[in-house]
Amino acid sequence: GVFIYMEVVLAEYCGFCYGVRRAVNLALNTKKEGQDKKIYTLGPIIHNPQMVAHLSEQGIGVIDKVEDALEDITVIIRSHGVGPEIYEKAKEFDIEIVDATCPHVKKAQMAANELVERGCQIVILGEAHHPEVQSIFLWTNQQAIIVETIEDAGRLPYAEKIGVVAQTTFSSKEFDEIVEIVKTKCKNIRIQRTICTATDKRQKAALDLAQKVDIMIVVGGKNSAN
C-alpha cells in the first residue's frame, strides 16, 4: 500500500479553560465528600455532552429548576452562572448550593450589576439565548439590551449613558467593531471588556494554526459558544 505521512499539530492553547476545569472538579469533589448525598447540577455543568455523561456515571445528575431539588440534595450552580433569584430560592427552600460559576462570568455579572446601579443602559454583547448571557441579563434587573451583531448595534436606541459588558467567549474582533458603533449611540459610555483571557488565547491560537495547516478540525461540543 501507499504510505501517507500526516503531521498532526495541536493549537498552542486548547482543552478546558480554568473556569470549566474548576466547575468539573468542584462537582467531583462535592460528590466525593458527600457520598450518600444526591448531587445535581442546575442544567448541564458545561456544554460538553461527554463530560455531562461522565458526571452522570459518577452519580451527579441534572435538574432544570432549583425547585426540583428535594431534601438532602446538593445543587451545583454550573459554570455559566445564574441570576440572583436562584440564590434567593435556594435560601428559601434551604437547599445546599455549591457555586461553580466561572469567576470570569461572575465578574461580568457583577460588572453589569454595578453599571445598572450607576444609571447606565446596559448593552450585553453575546448570544441572546446562551445561558451565560441570560445569567448576566438577570443581574441587570432584566433591563439590558443584548447585541449579537453589528446590525443589532446599529438598531440601538440613543441613551444618555451606556454600559457595555460581554459574554466571556465573545469574539474579540467583533467586540471592538461593535463597541465603535455603540459609542455613537450615547453621550457617555463605560466599557467592561469581560472577554476572558482563555478565550482570547484560544481564538488567536486557532487563527494562527489555521494559517499553517491544510485541514483544521475543532473538537468539542457543538452547543458550546467556544
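Of the trypsin sites (Lys or Arg not before Pro) found in the stretch 140-189, those that fall in a DSSP loop while having at most 15 other beta-carbon atoms within 10 Å are Arg155. Quick one: in the stretch 169-226, what % of C-alpha pairs are over 15 Å apart? Of the Cα pairs, 62 percent sit more than 15 Å apart. Scaling the Cα radius of gyration of the stretch 56-109 by the globular reference 2.2 N^0.38 Å produces a ratio of 1.15.
At a 1.4 Å probe radius, carbon and sulfur cover how many percent of the accessible area of the chain?
Solvent-exposed carbon and sulfur of the chain make up 51 percent of the total.
Taking label points 7 Å from Cα along the Cα-to-Cβ direction, Ala210 and Lys183 give a separation of 2.6 nm. All other residues whose Cβ lies under 14 angstrom from that of Phe137 are scored, Lys and Arg at +1 and Asp and Glu at -1, for a net of -4.
Taking one quarter of the surface of the convex hull spanned by the alpha-carbon atoms of the stretch 124-187 gives a direction-averaged projected area of 4.0 nm². In terms of overall dimensions, the C-alpha atoms belonging to the stretch 62-186 reach 53, 27, 21 Å along their principal axes, ordered largest to smallest.
Between Glu12 and Glu127, the FRET efficiency estimated from the beta carbon spacing at R0 = 30 angstrom works out to 0.70. Think of each Lys and Arg Cβ as +1 and each Asp and Glu Cβ as -1; about the Cα centre, that makes the dipole of the stretch 29-72 roughly 200 debye.
For the stretch 42-91, state which GluC sites (Glu not before Pro) are in a DSSP loop and have at most 13 other beta carbons lying within 10 Å of their beta carbon.
Glu71
Protein heavy-atom accessible surface, 1.4 Å probe, per residue over the stretch 92-226: 56 Å².
Quick one: putting +1 on the C-beta of Lys and Arg, -1 on the C-beta of Asp and Glu, what dipole do you get for the chain around its Cα centre, in Debye to the nearest 20?
Dipole size: approximately 600 debye.
If I take every Cα pair under 8 Å that is 6 or more residues apart in the chain, average their sequence separation and divide by the length, what percent do I get for the relative contact order? Over the chain, the number comes to 18 percent.
Run the helix sum for the chain: -39,500 (n - 2.57) per DSSP H stretch of 4+ residues, divided by residue count, reported at 222 nm to the nearest 500 deg cm²/dmol.
-11500 deg cm²/dmol
More than 21 angstrom separation, counting every C-alpha pair in the stretch 114-226; what % is that? For the stretch 114-226, the share of Cα pairs beyond 21 Å comes to 40 percent. Remark on the chain: Rg and Dmax equal 20.0, 71 Å (Cα only). Once the C-beta distance of Asp68 and Val218 is scaled by a Förster radius of 30 Å, the resulting FRET efficiency is 0.35 to the nearest 0.05.
If you take the charge dipole of the chain about its Cα centre, with +1 on Lys and Arg Cβ and -1 on Asp and Glu Cβ, which of Phe93, Ser172, Ala112 is farthest toward its positive end? About the Cα centre, the residue reaching furthest to the positive side is Ser172. The chymotrypsin sites (Phe, Trp or Tyr not before Pro) found in the stretch 1-58 that occupy coil by DSSP, while having at most 13 further C-beta atoms within 10 Å, are Phe3, Tyr5.
Whole-Hz Karplus values for the stretch 158-170 come out as 5, 9, 5, 10, 10, x, 10, 10, 9, 4, 4, 9, 6 Hz, taken residue by residue from phi with 6.51 cos²θ - 1.76 cosθ + 1.60 and θ = phi - 60°; glycine and proline positions read x. Scanning residues 5 or more positions from Ile122 or on other chains, those with amide H under 5 Å from its amide H are Ile145, Gly163, with H placed 1.01 Å from N in the peptide plane.
The values are calculated or read from the model by the stated rules, or taken from the named source; none is laboratory data. Since the model is a prediction, treat every value here as computed from it, not as a measurement. Neighbour counts run over all protein chains shown; Cβ positions are idealised from the backbone, glycine included. SASA here: full protein model, heavy atoms, side chains in, ligands and nucleic acids out. Shrake-Rupley method; radii C 1.70, N 1.55, O 1.52, S 1.80 Å.
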